1. Tell me whether the stretch 116-134 contains one or more residues that are of a type in the set (Phe, Trp, Tyr) and crowded, with 16+ Cβ neighbours inside 10 Å.
2. Can VAL136 be described as modelled with pLDDT of 90 or more and part of a helix (DSSP H, G or I)?
3. From VAL143, VAL162, VAL152, grab the single residue that is β-branched (Val, Ile, Thr), part of a helix (DSSP H, G or I) and either touching a strand residue (DSSP E or B) at 6+ places or on another chain (Cβ under 6 Å) or in contact (Cβ under 8 Å) with a residue 12 or more places away in the chain (or both).
Amino acid sequence: MGTRPGDPGATLVPLVVFGLLFSFIASMALTFAFTTRLPMVAGWDNLLPDWFGRLHPRRKTPTNSILFVGAVAFAMAILGVVGAAQQEAFQLLQNAAGIFYALVYLVMFALPLVGRQRHIAKPAWWLQAASVSGFVMTAMYLVLSLFPIIDVPHPLLFTAKVGGFILACQLVAAFLFYSYRRNSQSA
């Protein structure tokens with residue numbers, strides 16, 4: 001059933017589609033913009049090589065961090081669509097991106113429980129309870145994100161792609177961190 005000329009839906013449908021498309025593009029641009037700031041700040045805090053924290057001389061943007069995040073996103077996009085249908089490829093990318101964020105949240109929720117506190121002897125019970133709850137929920141999200149929520153021809157391959165990519169990225173990050181730390185301590 002389509003819309004006829006003069007029908008109010010004939011004007012409304014394209015506007016809604018344009019609005020949704022604009023919202024999606026804006027959301028992705030914003031996500032990319034704040035994601036590129038994470039390696040930059042890690043470079044400033046000496047957790048990653050200084051290269052990540054360098055700003056463009058004129059524009060004051062984290063050019064190297066943008067290139068790095070862009071390369072990782074491009075690798076995710078290419079590896080995600082190899083041998084996958086459109087919906088499966090989208091789900092692979094969404095799950096991998098969500099897992100990256102969830103890993104950061106796991107660390108955040110663990111800090112009040114096992115982190116080194118300098119000024120607080122022991123966090124309040126309500127903070128510990130909230131941290132346990134957040135940690136457990138995030139851990140469940142991580143585990144469930146490894147499995148497809150859509151019908152895919154090879155669910156085990158889906159899990160291997162998502163888990164393998166996350167593991168490879170974490171190993172590269174650990175290598176960068178420890179090699180930089182070793183080089184900065186020897187200098």
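The values are calculated or read from the model by the stated rules, or taken from the named source; none is laboratory data. Computed from a prediction, not measured in an experiment: that's the story for all the values here. Virtual Cβ from ideal backbone geometry, glycine too; neighbours counted across all protein chains shown.
1. no
2. yes
3. VAL162
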